[in-house]
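Right, one structure below, let's go through it.
Rule-based calculations on the coordinates, nothing more; no lab input. Remember, it's a predicted structure, so these values are computed and weren't measured experimentally. Don't worry about glycine lacking a Cβ; one is built from the backbone with ideal geometry, like all the others, and counts go over all protein chains shown.
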Amino acid sequence: MRYILGFWAVPMGLFWSWFLLAYNDWNFGMLFFSRVLYDHVFSIYGEITGIAPDQLPVLIARACIVDTFLIFGILAFRRRKKIAAWIAARRAAQPQEAAAPRA
């Protein structure tokens with residue numbers, strides 16, 4: 001599972017760091033992080049998919065959110081016994097509230 005998280009987190013981190021730097025044109029003198037390359041990349045991707053380039057960042061963000069939920073859902077499913085034991089331990093450690101109605 002460690003490898004799955006690594007293969008998920010590294011590309012996400014690289015993409016979103018490039019995206020934020022290029023979107024805001026914080027290029028540090030490098031073409032790779034420039035807004036020109038950002039616009040060019042999204043125009044090419046828009047031509048390939050047939051979607052307007054200004055709509056693509058929102059769609060990519062939604063896809064990343066769905067991927068994140070899938071990865072963490074798989075992780076939670078694989079560790080469901082540990083999670084259930086942790087929840088049971090927390091419930092047992094909490095003091096029992098009085099059964100008397102609140103005034």
*Find the Cα radius of gyration of the chain, compare it with 2.2 N^0.38 Å by division, and give the number to two decimals.*
1.74
*asked:* Using alpha carbons only, how many angstrom separate the centre of the stretch 48-98 from the centre of the stretch 1-30?
replied: 20
*Local charge sum around residue 41 (other residues, Cβ-Cβ under 12 Å, Lys/Arg +1, Asp/Glu -1)?*
-1
_Crossing angle, helix 35-49 versus the chain [Cα axis fit, 0-90 degrees, rounded to tens]_ = 80
*So how tilted is helix 80-93 from the main axis of the chain? Cα-based, degrees 0 to 90, rounded to 10.*
50
_Helix-derived mean residue ellipticity, 222 nm - over the chain, DSSP H n ≥ 4, -39500 (n - 2.57), to 500_ = -24500 deg cm²/dmol
*Gain in length, residue 5 to residue 91, computed as 0.36 nm per residue apart minus the alpha-carbon separation, to one decimal in nm?*
28.0 nm
*Would you work out which of 59, 1, 23 lies farthest towards the positive end of the dipole of the chain? Charges go on Cβ: Lys and Arg +1, Asp and Glu -1.*
1
*asked:* Tell me the angle of helix 56-78 to the major Cα principal axis of the chain, expressed in degrees between 0 and 90 and rounded to the nearest ten.
replied: 30
